Amino acid sequence: MSEEDFTGEENFAELLEAYGSGKREGLTIGDKVKGKVISIGRESVFLDTGTKVDGVVDKAELMDSNHEVTCKVGDVLELYVVSSNGHEIRLSRGF
């Protein structure tokens, strides 16, 4: 292998580390988080919480009196962590 090969591997490792270090860790129940809406499903709204795991909130919590969703993709919401595991962070408007 040439010196160029090693330099390329180092650059990739540095990029990977930088990507991972930008994510927030250690969210606990009761924490208030700001999340950007990334998807609106049939029953849930998914948010980028700034961690490695996306947040999810029941769509019903984000509906108005006409049963219309009060947010859209790209909106930033402030919600509370109600549970968390390695696969999802459950969020809610109230805690």
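Here, each number is a calculation from the coordinates, and none is a lab measurement. Just so it is clear, the structure is predicted and the values come from calculations on it, not from any experiment. Neighbour counts run over all protein chains shown; Cβ positions are idealised from the backbone, glycine included.
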- Point-to-point label distance, C71-T51, nm (Cα→Cβ direction, 7 Å offset): 1.5
- Take the alpha-carbon positions of the range 34-95, form their convex hull, and give its projected area averaged over all directions (one quarter of the hull surface) in nm². 4.0
- Once you have the Cα-Cα distance between M63 and T28, take 0.36 nm times their residue separation minus that, and quote the gain in nm to one decimal. 10.0 nm
